[in-house]
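Everything on this sheet refers to the single structure shown next.
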Amino acid sequence: MISSIMKNGLSLSRFRAQGFGTLHKDINQATNSVMQTSGEVSSIAFAEHLLDLIEDKDDEGLIIYLEHLLTEYDVDTKGIVNAAKEYSINKNQLNLQELTNAAEPGWIELFRRLNATPNGTHRLIELRERIRLLLKQGNDQLRPLDAGLLKLFKYWFNPSFLVLEKVDWSTPANILEKIIEYEAVHQINSWKDLRSRLAPSDRQCFAFFHPLVPEDPLIFVEVALTNEIPTSIQNIIKMDREEINLDEINTAVFYSISNCQDGLSGISFGNFLIKKVAHKLKQEIQGLNRFVTLSPVPGLMKWMENNAPLVYENCLNKVQDDDSLIKKTITYLTESNREDLLPNDPVARFHLGNGAIFHKINLNADLSSKGMEQSHGLMINYLYDLDIVEKNHEQFFKDKAVILSNEIKSLKKKYS
């Protein structure tokens, strides 16, 4: 019966016929039903009904309900104090568990029960997306719920549970549609455009899926297989071009990485994805010995507006000053303005944190309106040396220093 409910849900008529209880229309009563039931079947049915009620709320109604959760299902502070006293006297497993339970707000357990419903995980991801939007609108009182869901998701989306799948032109259409929708770096403008990125043998795409969300990718990476390190995205995503023969390929280029679920923001899937794909491709393609990115620099122009206004104005006015642009780009990527001393640029933080090397600066590499607005068309090659990537990762987080190629070291010395 439980398997049937997990697959198909439990209809209202069947629920009543079984005598499991009442599905309350009042959302607060429905919440109490979820929290008070002990039977597995009724718990799933009550929780699925509550999710329906939550999703039917408009933003104002959702805020009221979430504030109710924070108030009525908060931690029991007196219980924490008493449990702490008991544990301080007798440090046994039972008292530790009592202290742990007392320190956890009741709404965490509510989320666990909602997760047990058919498609419950995906519905909770969507709930967190709504909460994050409400936070952006100034509803900071909801921040504990956002943090609580993130903590649960980090357990539920442990990397060991993720499944790596190749996405190609034979992949089901419903997933291909999501690749088009979720592409966040270089927009896919048509099915022909998508085909040019998936069908040729020298263009590949890989995605992580989770067993609880099997038809919705969590993150995907697009890869170009080439015989050189590319200096321009235009050549990579060009639809009409000649394929490169397999025996000529020596370089894998990660040119687009897109997170698909805003509700999972704060969980890093990309570092596992890139390294896993790199090792997989190395095993499959004999001559493949180089792994690089062709990466955007999304914060460069905004940073220059505040820190290098003359160079910024020159870019806007199309005044050619490559030396100044390169000099400021190196400063932006290697000298942090952040309190944590990590690189200013989010893409740089990601790749350098993975153990990559700041390898090369490419001018006029992305002439799209987005590329010009973000970085005046400039893009970066980060190099993944699989033999030392873990060492680089440890060094980066130990001393916060950006690891540079010889070419970037020479440019840095030239412009110092």
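One line per residue, one yes/no per condition, for (1) modelled with pLDDT of 95 or more; (2) closer than 23 Å to LEU162 by Cβ:
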| residue | (1), (2) |
| --- | --- |
| LYS238 | no, no |
| ARG241 | no, no |
| ASP247 | no, no |
| PHE272 | no, yes |
| PRO309 | yes, no |
| ILE326 | yes, no |
Among the residues of segment 75-111, write down those that are acidic (Asp, Glu) and either modelled with pLDDT of 90 or more or not in a loop (DSSP other than H, G, I, E, B) (or both). GLU86, GLU98, GLU104, GLU109
Please go through segment 152-177 and pick out each residue that is among the basic types (Lys, Arg), at pLDDT 95 or above and under 20 Å from LEU212 (Cβ atoms). none
Hey, does segment 231-248 have a residue that's outside the structural domain of ALA365 (by TED's automatic domain parsing), within 25 Å of ASN364 (Cα to Cα), part of a strand (DSSP E or B) and out of contact with any His (no Cβ under 9 Å at 6 or more places or on another chain)? no
How about segment 152-196: which of its residues are of a type in the set (Lys, Arg), over 25 Å from GLU129 (Cα atoms) and assigned to a helix (DSSP H, G or I)? LYS192, ARG195
If LEU383 passes every condition in (1) under 15 Å from PRO296 (Cβ atoms); (2) touching a His at 6+ places or on another chain (Cβ under 7 Å); (3) hydrophobic (A, V, I, L, M, F, W, C) but one, which one does it miss? (1)
For ALA252, which of the numbered conditions (1) under 25 Å from the mean Cα position of the chain (by Cα); (2) touching a residue at least 60 places away in the same chain (Cβ under 8 Å) fails to hold? (2)
Condition check: out of contact with any helix residue (DSSP H, G or I) (no Cβ under 6 Å at 6 or more places or on another chain), among the aromatic types (Phe, Trp, Tyr) and either surrounded by 20 or more Cβ atoms within 10 Å (Cβ to Cβ) or at pLDDT 95 or above (or both). Does TRP191 satisfy that? yes
Can you find even one residue in segment 38-54 that is over 28 Å from the mean Cα position of the chain (by Cα) and not in a helix (DSSP H, G or I)? yes
Count - residues of segment 118-151 that are at pLDDT 95 or above and part of a loop (DSSP other than H, G, I, E, B): 3
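The values are calculated or read from the model by the stated rules, or taken from the named source; none is laboratory data. Worth saying up front: this structure is predicted, and the values here are computed from it rather than measured. Don't worry about glycine lacking a Cβ; one is built from the backbone with ideal geometry, like all the others, and counts go over all protein chains shown.
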